[in-house]
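The values are calculated or read from the model by the stated rules, or taken from the named source; none is laboratory data. Predicted model, so just to flag it, every value in this text is computed and none were measured. Quick reminder, even Gly has a Cβ in these numbers, built from the backbone with ideal geometry, and neighbours come from all protein chains shown. Heads up: the accessible areas ignore ligands, DNA and RNA and are worked out on the full protein's heavy atoms, side chains in. Shrake-Rupley method; radii C 1.70, N 1.55, O 1.52, S 1.80 Å.
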Amino acid sequence: MRRITVLSGGMGGAKFIGGLLHGIGSGLLPGVARDAQVDVIANTADDIWVHGLKVCPDLDTVMYTLGDGIDPERGWGRREETWSVKSELQEYGVEPTWFGLGDRDVATHLVRTQMLDAGYPLSQVTEALCRRWLTPVHGDRVRLLPMSDDRIETHVAVADGESPSGRRVVHFQEYWVKMRAQVPAEAVVVVGLDDSSPGPGVVDAITDADLVIIPPSNPVVSVGTILGVPRLREAVTSTTAPVVGVSPIIGGHHVRGMAEQMLTSIGVEVSAAGVGLHYGARSNGGVLDGWLVDSADAEALGRLTDAGLLAAAVPLLMSDHAATAAMAAAAIELVAGTGS
């Protein structure tokens, strides 16, 4: 295998990709060349405009993580960050006060916004930003591809007794950052998704891959939005490469984030089996050939195999690069020799 494509959200996807690259470079992945290229198709539906700046949380989390600039404790934003700009904006009473941009992080958003204002599409802007972050560390082995150059934004409907409809819709970032996902999500609405087009190189990254991986990213607001871009689900179902996924649910709970809330909002069982069945087997109209679950969820294997999926149970906690590389190796072993 010389070309691996990953459909990624933010923190979970970024951490998995870091371990995947460690496994490739160390020769730990069966059947994978040590100079294999990794294409990362990143979710852009979490994007938001803040204080006149275009912020792309998932793109930046992957970029900072792979470029060794991420804050390791928060799992997002820059390391050694300061917050003077945020404090000054709060003194002025400028909203939104709940979404903070760090002083170092804001430079990325300024460059991105200036380039977008100059007419460059998001894909070219991302390529330019990655020359600072990815090229010095990984050379040409990693490409970070926005799922689309079009504006796509995820919104979440929550209950509101003061609204005539009984609910109101907030931007995904408000639901996650301000509300901390503590209010039940009644529906997820992705504005602009149906009218969007895949970003440059995205379809080819899937159809020309030797392996496609769905990492433990949010199945609804990360991977779900990527697959919702017109032509991308069809690219995954038709690629000749094996397609394997890794469960974001361990023992009935997400490790980090809000997968539980989002799955509940669309009526999907919050379990390793539930997510695997939600994606479905390619042999039955889904997108997967294989699905990896945690050892704690081994009892789910029968349901998964009955649904046409190859399935295995291994430890899935991404405690370090070595543990994550072992997960990637198990995923590859699971689907070796499959594909359409």
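Counting just the residues of the range 129-167 that are among the hydrophobic types (A, V, I, L, M, F, W, C) and touching a Lys or Arg at 6+ places or on another chain (Cβ under 9 Å), which one comes out most open to solvent (accessible area, probe 1.4 Å)?
Here the answer is A159.
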Within the range 21-66, take every residue that is among the small types (G, A, S) and open to solvent by less than 10 Å² (accessible area, probe 1.4 Å) and give me the one that is nearest to W133 (Cα to Cα). A42
Which fully enclosed helices (runs of 4 or more DSSP H) of the range 194-241 have 2 or more residues being closer than 22 Å to V142 by Cα, within 14 Å of the chain's Cα centre (by Cα) and among the β-branched types (V, I, T)? 223-228
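Return the residue satisfying two criteria in turn: it lies in the range 176-186 and is within 15 Å of N218 (Cα to Cα) and open to solvent by less than 40 Å² (accessible area, probe 1.4 Å), and of such residues it is modelled with the highest pLDDT. Give the derivation first.
Keep residues of the range 176-186 that are within 15 Å of N218 (Cα to Cα), which gives 176, 181, 185.
Pick out the ones that are also open to solvent by less than 40 Å² (accessible area, probe 1.4 Å) and you get 181, 185.
Working: A181: 87, A185: 91.
Once the filter is applied, the top-ranked residue is A185.
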For the range 1-14, name all the residues that are surrounded by fewer than 24 Cβ atoms within 10 Å (Cβ to Cβ) and either basic (K, R) or in a strand (DSSP E or B) (or both). R2, R3
Scanning the range 315-337 for residues that are out of contact with any helix residue (DSSP H, G or I) (no Cβ under 9 Å at 6 or more places or on another chain) and not in a helix (DSSP H, G or I), which turns out surrounded by the most Cβ atoms within 10 Å (Cβ to Cβ)? A336
Quick check on my filter: what residues within the range 280-316 are in contact (Cβ under 8 Å) with a residue 40 or more places away in the chain, among the acidic types (D, E) and more than 18 Å from I249 (Cα to Cα)? D289
